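Structure first, commentary second.
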Amino acid sequence: MAAQKKAQEPREQEKSGPIPLDGFLKYANVFYLSIGMLAYDHKESGKRKELLLHWMFIAQMVNLNAVLFSELIYVFLAIGKGSNFLEATMNLSFIGFVVVGDLKIWHIWRQRKRLTQVVNELENLHPESLDQQEPYNVKYHLSGYSRYSKFYFGMHLVLIWTYNLYWAVYYLVCDFWLGVRQFERMLPYYCWVPWDWSTGLSYYLMYVSQNLAGQACLSGQLAADMLMCVLVTLVVMHFIRLSGHIQGHVAGILSSQQDLEFLQAVVVYHQRLLHLCQDINEIFGVSLLCNFVSSSFIICFVGFQMTIGGKIDNLVMLVLFLFCAMVQVFMIATHAQRLIDASEQIGQAVYSHDWFHGDIRYRKMLVLIVKRAQQPSRLKATIFLNVSLVTVSDLLQLSYKFFALLRTMYST
């Protein structure tokens, strides 16, 4: 039976065919296309499609920033008058989420040319046939990334549409169906506009506008995070393959010239991966910094809202919001830690492989490779922060300090 299963596995892989690079990028592309944005140049995109997406992108960004502006006015008025403090702090959590989404969309749009270069480089490095993909373990890396991505965007979609559709469901269940009490028109997010939005068609337009803005912001956030994580996953895959390639080499069996040529190919491959890591940091550094700063404030404000009590439905939504903020931080930190571990394996592979019978020039060059590999590749939130799992504990400490300050201000 075991032999039959092993014989069936290659057949199933042949039927499925090799995994293209687009198989990794599809989740990020779907969310970018939902807001009319192309993060990098696509080979199959035509002029008509790009024009349609361009106007769709402009319309969504105008709507998103109009909703953000109305929320900011509400917070300023509430704080200035000293009223609706709890609603204002809740709105600050939403505003932080929207501002980060806005910044991510804008920054990725500015980095489109560099992103195209990174994707093209990964396309050149990507193994094409099934035989070439087997030592890279492409299927394993894709399945791992897919599990992370589905859980990540699934949780965030549940969060945003719980907020967006709460009052619509409330109306349908409590008023239209059960007839429990008369429906009071409410919007998903507190805002201020210079007219009475609760009457007539204006309410429905405002409701739809806020729903579209929430989804656009979410799509921009998710797409940027997933695009960064998939690029890191691909680089990690190549680092692991490179370390395995070095580990399997036995020096001295071939001629000294062939050993040196092998080492030269290893160095070139390693340098390409290091340059890719540098490009990823330059593209996503601002996005990473926004992620961790906003997550700190979101955890603080949401924790504050939960500790002062409130309605059970608000508390449930706040718990979802807090959970999603933590999932975002852990997902990014996990991928950053995998990048560190995979890049460090290069030095270990060089030290562990059978180099004893190699030429003296070969052995001297190994020292340089080990020295370079001792400086692992990292995700960097600009120059301010190196991202790893340790960053999570630092973030939680910072969030608690803001939380304690906010509680002190509220109690006095």
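The values are calculated or read from the model by the stated rules, or taken from the named source; none is laboratory data. Computed from a predicted structure; not experimentally measured. Quick reminder, even Gly has a Cβ in these numbers, built from the backbone with ideal geometry, and neighbours come from all protein chains shown. With ligands, DNA and RNA removed, areas are computed over all heavy atoms of the protein, side chains included. Shrake-Rupley method; radii C 1.70, N 1.55, O 1.52, S 1.80 Å.
Overview of values
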{"read-out": "Qualifying residue in segment 126-134 (condition: closer than 18 Å to residue 19 by Cα, touching a His at 6+ places or on another chain (Cβ under 8 Å) and surrounded by 14 or more Cβ atoms within 10 Å (Cβ to Cβ))", "value": "no"}
{"read-out": "Every residue from segment 377-394 that is farther than 30 Å from residue 307 by Cβ, open to solvent by less than 90 Å² (accessible area, probe 1.4 Å) and among the β-branched types (Val, Ile, Thr)", "value": "382"}
{"read-out": "Condition check for residue 207: in a loop (DSSP other than H, G, I, E, B) and either touching a Pro at 6+ places or on another chain (Cβ under 7 Å) or touching a residue at least 12 places away in the same chain (Cβ under 8 Å) (or both)", "value": "no"}
{"read-out": "Among (1) modelled with pLDDT of 75 or more; (2) surrounded by 12 or more Cβ atoms within 10 Å (Cβ to Cβ); (3) part of a helix (DSSP H, G or I), the one test that residue 55 misses", "value": "(2)"}
{"read-out": "Yes/no for residue 284 being part of a helix (DSSP H, G or I), within 25 Å of residue 121 (Cβ to Cβ) and among the aromatic types (Phe, Trp, Tyr)", "value": "yes"}
{"read-out": "From 369, 332, 383, residue being more than 30 Å from residue 248 (Cα to Cα) and either over 26 Å from the mean Cα position of the chain (by Cα) or part of a loop (DSSP other than H, G, I, E, B) (or both)", "value": "383"}
{"read-out": "Scan of segment 15-52 for residues that are aromatic (Phe, Trp, Tyr) and in a helix (DSSP H, G or I), ordered by number", "value": "24, 27, 31, 32"}
{"read-out": "Count - residues of segment 248-267 that are modelled with pLDDT of 85 or more, open to solvent by less than 10 Å² (accessible area, probe 1.4 Å) and not in a helix (DSSP H, G or I)", "value": "0"}
{"read-out": "Segment 273-295, residues that are acidic (Asp, Glu) and open to solvent by 50 Å² or more (accessible area, probe 1.4 Å)", "value": "282"}
{"read-out": "Residues satisfying the stated conditions in segment 122-159, i.e. farther than 21 Å from residue 244 by Cβ and either of a type in the set (Asp, Glu) or over 18 Å from the mean Cα position of the chain (by Cα) (or both)", "value": "123"}
{"read-out": "For residue 202: the one exception among (1) more than 30 Å from residue 338 (Cα to Cα); (2) modelled with pLDDT under 85; (3) of a type outside the set (A, V, I, L, M)", "value": "(2)"}
{"read-out": "Subset of segment 69-98 (residues that are modelled with pLDDT of 80 or more, out of contact with any Asp or Glu (no Cβ under 7 Å at 6 or more places or on another chain) and surrounded by 19 or more Cβ atoms within 10 Å (Cβ to Cβ))", "value": "70, 71, 74, 75, 98"}
{"read-out": "Subset of segment 316-337 (residues that are modelled with pLDDT of 80 or more and among the small types (Gly, Ala, Ser))", "value": "333, 336"}
{"read-out": "Criterion violated by residue 169 - all others in (1) open to solvent by 50 Å² or more (accessible area, probe 1.4 Å); (2) among the β-branched types (Val, Ile, Thr); (3) under 23 Å from residue 31 (Cβ atoms) satisfied", "value": "(3)"}
{"read-out": "Residue selected from segment 108-118 under the condition within 15 Å of residue 223 (Cβ to Cβ) and open to solvent by less than 10 Å² (accessible area, probe 1.4 Å), by the criterion modelled with the lowest pLDDT", "value": "108"}
{"read-out": "The one condition in (1) open to solvent by less than 20 Å² (accessible area, probe 1.4 Å); (2) within 17 Å of residue 228 (Cβ to Cβ); (3) in contact with a helix residue (DSSP H, G or I) (Cβ under 9 Å, 6 or more places away or on another chain) that residue 23 fails to fulfil", "value": "(2)"}
{"read-out": "Sole residue being loosely packed, with under 13 Cβ neighbours inside 10 Å and out of contact with any helix residue (DSSP H, G or I) (no Cβ under 6 Å at 6 or more places or on another chain), chosen from 348, 374, 397, 328", "value": "397"}
{"read-out": "Test for residue 404: is it open to solvent by less than 30 Å² (accessible area, probe 1.4 Å) and either assigned to a helix (DSSP H, G or I) or not charged (D, E, K, R) (or both)", "value": "no"}
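Here's the yes/no breakdown for (1) assigned to a loop (DSSP other than H, G, I, E, B); (2) open to solvent by 40 Å² or more (accessible area, probe 1.4 Å); (3) modelled with pLDDT of 85 or more:
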{"residue": "188", "(1), (2), (3)": "yes, no, no"}
{"residue": "192", "(1), (2), (3)": "yes, yes, no"}
{"residue": "213", "(1), (2), (3)": "no, no, yes"}
{"residue": "232", "(1), (2), (3)": "no, no, yes"}
{"residue": "237", "(1), (2), (3)": "no, no, yes"}
{"residue": "243", "(1), (2), (3)": "no, no, yes"}
{"residue": "246", "(1), (2), (3)": "no, no, yes"}
